[in-house]
Structures are given as C-alpha cells and as structure tokens.
Amino acid sequence: MKKRVLFVCLGNICRSPSAEAIMKFQVKERGLEDSFYIDSAGISGFHSGDSADRRMMMYAARRGYVLDHVSRKFYPDADFEAFDLIIGMDDQNIRVLRQMANSREESQKIRKMTDFCRSFVGRDCVPDPYYGGESGFELVLDLLEDAVSGLLDELSVEK
Ligand code: 4NP
C-alpha cells in the first residue's frame, strides 16, 4: 500500500508545493515511486486554482525542481481520510489542522515539517517567504530538502 503524504501551508503556492516537488524528486532518486502518493494543499483557499508563486518557482527551478502543482484548499472531510500523514509548515498551520481534526486518529496524522530536519536543528518552522526577499525562498528550499530526507529515512525505517 502506498504511503499517502499531504503537505500543508497557508496559500499552497510557496512552501507546500515546494515540499511536494522535493519529496517527489527524492522519492524518485531513491527509486520509491511505487511506495508514495504525494500532494499538497492550503489552509486558505485564497489562491485556489493558481500556479505556484513565480519567485518560488524560479528558485526551485534553479535547484532542478519543477513546481507544477495547482493550488487547492485543504478539505478536512476528504483529506484526513485520504492521507496517512498531514505535514504542516508552521505552528499556525498545525493549530488550524488540529482544530479541524475530528478524532484522535485524525489528529495523530498531523506532523510539523521541521520535526524531520536533521541539519537545521532548532528551527521551529518553515517560515512564510511570501512577503520577504530572496533569502527567504532559499531558506525554504534548504529546510525542505533537509526535512524531506529526514522524513524519507524515518518512513523507510518504519517499513
Ligand atoms: P505559502 O505562502 O503559505 O507558503 O503558500 C503564502 C502565500 C500567499 C499568502 C501567504 C503565504 N498570502 O497571504 O496570499
């Protein structure tokens, strides 16, 4: 059975689509395409139907990642059921996700992205890059690359 992983941020145009692309990239590198289903969603539906943020796309492309996700809202009824792991980018995401969970089982699916980081220890969130400059986007990618590799190692051990 495929492990189903959903990345969640606020707008689903910067952090979570990048997490999705980086996870797909690393899964492919490890030859694990048949073991995972990966998607992303936003707490807000503000950018639903939009492509990823152009700046985020550009910084991601420089590292070889293609952000082809179309933004969609997180739907608690469908998504808590459909996914095994629901990974938020910051404490605000986690708080809202926990509020939307309808059972202990649903709550237990919620994790925070930086909890999987191994190089970036002491970081407590993947910061929202939307209103910042270049360094914010690079930091997002650095944190996500670190966390995705930690996550994949953890999931491989679980198997
Ligand atoms: P994201 O970034 O949550 O990483 O996709 C944001 C994108 C848009 C907005 C906020 C954060 N916004 O306020 O429109």
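The values are calculated or read from the model by the stated rules, or taken from the named source; none is laboratory data. In this text, all values refer to a predicted model and were calculated from it rather than measured experimentally. As a convention, Cβ positions derive from the backbone with ideal geometry for all residues, glycine included, and neighbour counts pool all protein chains shown.
Scan region 15-45 for residues that are among the aliphatic types (A, V, I, L, M), part of a helix (DSSP H, G or I) and over 21 Å from Pro127 (Cα atoms) and jot them down.
The one that is among the aliphatic types (A, V, I, L, M), part of a helix (DSSP H, G or I) and over 21 Å from Pro127 (Cα atoms): Val27.
Considering only residues that are away from the ligand (no atom under 16 Å from the Cβ) and touching a Leu at 6+ places or on another chain (Cβ under 7 Å), which ones fall in region 1-26?
Lys3, Val5, Gln26
Please count how many residues of region 135-155 are among the hydrophobic types (A, V, I, L, M, F, W, C), more than 15 Å from the ligand (Cβ to nearest atom) and either modelled with pLDDT under 95 or touching a Cys at 6+ places or on another chain (Cβ under 8 Å) (or both).
Final tally of qualifying residues: 1.
How many residues, within region 114-159, are surrounded by 19 or more Cβ atoms within 10 Å (Cβ to Cβ) and outside any helix (DSSP H, G or I)?
3
Can you confirm whether Ile43 is within 13 Å of the ligand (Cβ to nearest atom), more than 20 Å from Glu138 (Cβ to Cβ) and in contact (Cβ under 8 Å) with a residue 12 or more places away in the chain?
Yes; evaluated as a whole, the condition is true for this residue.
Are any of the residues in region 27-34 away from the ligand (no atom under 13 Å from the Cβ) and among the hydrophobic types (A, V, I, L, M, F, W, C)? Lay out the reasoning, then the answer.
Step one: filter region 27-34 for residues away from the ligand (no atom under 13 Å from the Cβ), giving 27-34.
Okay, now just the ones that are also among the hydrophobic types (A, V, I, L, M, F, W, C), so 27, 32.
Checking region 27-34: at least one residue is away from the ligand (no atom under 13 Å from the Cβ) and among the hydrophobic types (A, V, I, L, M, F, W, C).
If you scan region 107-134, which residues turn out to be among the aliphatic types (A, V, I, L, M), more than 14 Å from the ligand (Cβ to nearest atom) and in contact (Cβ under 8 Å) with a residue 12 or more places away in the chain?
Ile110
When you scan region 79-88, do you find a residue that is among the acidic types (Asp, Glu), buried (at least 19 other Cβ atoms within 10 Å of the Cβ) and within 12 Å of the ligand (Cβ to nearest atom), even just one?
No, region 79-88 has no match at all.
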